[in-house]
Amino acid sequence: MHELRAAHLESVNSVTGLPDPGHPARRLIANHKAAQRRRLTAMCERAGAQEPDDASAEITFLLEGAQVSAQNDSVDRAGDRLVAASRQSWTGARRRGRNEPHGLAAAQRAGRPSA
């Protein structure tokens, strides 16, 4: 069983408690999140993702959403579901990578507006 711990939520909780966008702690958190994304993007690139930035964004959405869901108990077995969703996302991304472009970069290349 995969368990998400509340310790991973400090930055989410900290940001919500700091309404001033210019607060130094918000910049620290933003810098930390940016460094995490760079590391994750590099890992996706090494793993062979066709669009490493898109893959790291998808994983970040999954991870942060699962962390919040675990904290507020809105989804049972959030850790297990995160692992399953991540595997499904990666499998689909690899399959799409061989057959068709996907993600934000592909949408932009095709001239579709991004959300």
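Assessment of region 23-36 against the conditions (over 11 Å from the mean Cα position of the chain (by Cα), over 23 Å from residue 78 (Cα atoms) and in contact (Cβ under 8 Å) with a residue 24 or more places away in the chain) yields no matching residue. Is it true that some residue in region 49-67 is of a type outside the set (S, T, N, Q), loosely packed, with under 15 Cβ neighbours inside 10 Å and more than 11 Å from the chain's Cα centre (by Cα)? Taking every residue of region 49-67 in turn, none turns out to be of a type outside the set (S, T, N, Q), loosely packed, with under 15 Cβ neighbours inside 10 Å and more than 11 Å from the chain's Cα centre (by Cα). Once region 72-99 is narrowed to residues that are among the charged types (D, E, K, R) and assigned to a helix (DSSP H, G or I), the residue that is modelled with the lowest pLDDT is 98.
The values are calculated or read from the model by the stated rules, or taken from the named source; none is laboratory data. Just so you know, these numbers come straight off a predicted model, no measurement behind them. Backbone-built Cβ (ideal geometry, glycine too); neighbour counts: all protein chains shown.
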